[in-house]
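Undergrad: Can you keep this structure in mind? I'll have questions shortly.
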Amino acid sequence: QVTCIEVVEAYVERIKEVNPLINAVVKDRFEEALQEAQQVDKLLSEGPGDDNLEEKFPLLGVPVTVKEAFSLYGMPNTSGLVNRRNVIATSDATVVSRLKQAGAIPLGVTNCSELCMWYESSNRVYGRTNNPYDLQRIVGGSSGGEGSVLAAACSVIGVGSDIGGSIRMPAFFNGVFGHKPTTGVVPNDGQFPNAHGVRTSYLCTGPMCRYAEDLEPVLRVMAGPGVSKLKLNEKVSLEKIKFHCMDHDGGSIFVSPVDKEILQAQKKVVEHLESDLGVRVQRVAIHKMKYSFQIWSAMMSSKDSEGQEAQRFTDLLGDHGKPVWPLWELMKWLVGMSSHTLPAIALGLTEKFVNLNLSGKAKLVSMGKSLQEEMEALLGPDGVLLYPSHPTIAPKHHSPICMPFNFAYTAIFNVLGLPVTQCPLGLGSEGLPLGIQLVAAAYNDHLTLAVARYLEKAFGGWVLPGKV
């Protein structure tokens, strides 16, 4: 009913209208996108008889945006690092290439936190991205530009990556869907920084979308041949899923208590599942979840099976130059002279302390392994766990520095390797998005995606921000 050029033009206009407020798209490729849309229209006008078109190009003409940490040919690839500000991608990351081959049209790249290691998307290259529901609030990180651009209806699909919740926190704060696939299914190639050593088992690339039904087709394209490991063709009977529910992590000293509104939203989900599907949602208390932050931190900095050390953040900050001295950078930051953000400097400072207590670290790594076994046993082939996406709704700008470890609610599932879908649950009393994490055992992504589609119908999914 509409031409591809009309679709792309509509999204381009929308970005031009709202991006001055949210600062989510940091570099656009509108001219190229419009040319590609013209090619799509030409293809469709020439070959209406081609039945295989949908099979060949499942995302034909669909506008997408890409986190700036991924290579997108001709676009910057700095990850918010000032000394990479002249780096332009000369190729496409694997997932970007697969989306393009499926017919998707990239509109541009979106903001992230410096080196993708913080949950506020702000850096010294592009500045700060704002939440479309309240410009004074954060968008989350590190795929924060994607969360913001999708929530503001400026894109259909977002490409995100996640090593501690970098897909799910922005999806939660901006009221959209985000899926962290089972580890090792979607390739991570072509992003900076990429994971090395043990972290290759924790970093995941995945889709972010406004509508739950879009997650699966995009995941299929992103996974390519790896999709065979997932059971996406299996029909899911929601009544047969064994649902488990955990309200909070058990009271970690490092993490904020869960907001009442988030608990209330989760309670409504439980009540709806029980009354509508006739299932019984089992309440669980997994004691080790209380140590989520410590477990994630220990596992992230441990050696891999070949004894290779995890890459140091201070080396990454230097990006092939001299490693950065965090203390010196802190002095410079205090007088406005540093080219790094305070969270990046703080991470560089704390990195040194992680390896001071090696026996304590070994204990935490072993606790992580045993938690993984406990989770897999609990979830089994047909289980889904309901768990908060974050302890608080989208905080105000800069405030994450006062509660730096709240990302533990998402991060724990990276080191456990489990698939998780962040599902929006409407808006709270302040007009800010609420949501929930849906967790399944490894390779059971089809279960969390099916529950997300169901909850979208019941709770309304994405809500257009009224202030933008």
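Undergrad: What's the total number of residues in the range 271-305 that are over 27 Å from the mean Cα position of the chain (by Cα), farther than 27 Å from N406 by Cα and not polar (S, T, N, Q)?
TA: So the answer is 6.
Undergrad: Also, I was wondering about something else. Starting from residues that are open to solvent by 10 Å² or more (accessible area, probe 1.4 Å) and touching a strand residue (DSSP E or B) at 6+ places or on another chain (Cβ under 6 Å), keep the ones in the range 118-144 and report whichever is nearest to C204 (Cα to Cα).
TA: S122
Undergrad: Only residues that are closer than 18 Å to D28 by Cβ and open to solvent by less than 60 Å² (accessible area, probe 1.4 Å): list them for the range 94-117, please. Let's see the steps before the verdict.
TA: Restricting attention to the range 94-117, the residues satisfying the condition of being closer than 18 Å to D28 by Cβ are 96, 99-100, 104-112.
Correct list: V96, L99, A104, I105, P106, L107, G108, V109, T110, N111, C112.
Undergrad: I need the full set of residues from the range 260-287 which are open to solvent by 50 Å² or more (accessible area, probe 1.4 Å) and part of a loop (DSSP other than H, G, I, E, B), in order please. Break it down stepwise before answering.
TA: If we filter the range 260-287 for residues that are open to solvent by 50 Å² or more (accessible area, probe 1.4 Å), which is where we start, we get 260-261, 263-264, 267-268, 271-272, 274-276, 278, 280, 282-283, 285, 287.
Across the range 260-287, the qualifying residues are G278, R280, A285.
Undergrad: Specify the residue that is nearest to S121 (Cα to Cα); the eligible residues are those in the range 17-50 that are among the basic types (K, R) and within 24 Å of the chain's Cα centre (by Cα).
TA: The first filter runs over the range 17-50 and keeps only residues among the basic types (K, R), leaving 27, 29, 42.
Applying the additional criterion that residues be within 24 Å of the chain's Cα centre (by Cα) yields 27, 29.
Details: K27: 15, R29: 21 Å.
Across the range 17-50, the extreme among qualifying residues is K27.
Undergrad: Going through the range 186-220 one residue at a time, which ones are assigned to a loop (DSSP other than H, G, I, E, B) and in contact with a Leu (Cβ under 6 Å, 6 or more places away or on another chain)?
TA: Initially, the range 186-220 is screened for residues assigned to a loop (DSSP other than H, G, I, E, B), giving 186-190, 192-196, 202-203, 210-211.
N188, P193, A195, R210, listed by residue number.
Undergrad: May I ask you to list the residues in the range 237-249 that are surrounded by fewer than 18 Cβ atoms within 10 Å (Cβ to Cβ) and farther than 15 Å from M375 by Cα?
TA: S237, L238, E239, K240, D247
Undergrad: Return yes or no: is S252 among the hydroxyl-bearing types (S, T, Y), part of a loop (DSSP other than H, G, I, E, B) and in contact (Cβ under 8 Å) with a residue 60 or more places away in the chain?
TA: Values: among the hydroxyl-bearing types (S, T, Y): yes; part of a loop (DSSP other than H, G, I, E, B): yes; in contact (Cβ under 8 Å) with a residue 60 or more places away in the chain: yes.
Yes.
Undergrad: Next question. Taking into account only those residues within the range 62-82 that are in contact with a strand residue (DSSP E or B) (Cβ under 7 Å, 6 or more places away or on another chain) and among the aliphatic types (A, V, I, L, M), which is nearest to Q38 (Cα to Cα)?
TA: V62
Undergrad: Please count how many residues of the range 35-53 are in contact with a strand residue (DSSP E or B) (Cβ under 9 Å, 6 or more places away or on another chain) and either within 29 Å of N131 (Cβ to Cβ) or among the small types (G, A, S) (or both).
TA: Taking the range 35-53 first, the residues in contact with a strand residue (DSSP E or B) (Cβ under 9 Å, 6 or more places away or on another chain) are 36-37, 40.
After this cut, where a residue has to be either within 29 Å of N131 (Cβ to Cβ) or among the small types (G, A, S) (or both) as well, the list is 37.
Residues meeting the conditions: 1.
The values are calculated or read from the model by the stated rules, or taken from the named source; none is laboratory data. Remember, predicted model here, so these are calculated numbers, not experimental data. Cβ atoms come from the backbone with ideal geometry, glycine included; neighbour counts cover every protein chain shown. To get the accessible areas, we keep the full protein, side chains included, count just its heavy atoms, and leave off ligands, DNA and RNA. Shrake-Rupley method; radii C 1.70, N 1.55, O 1.52, S 1.80 Å.
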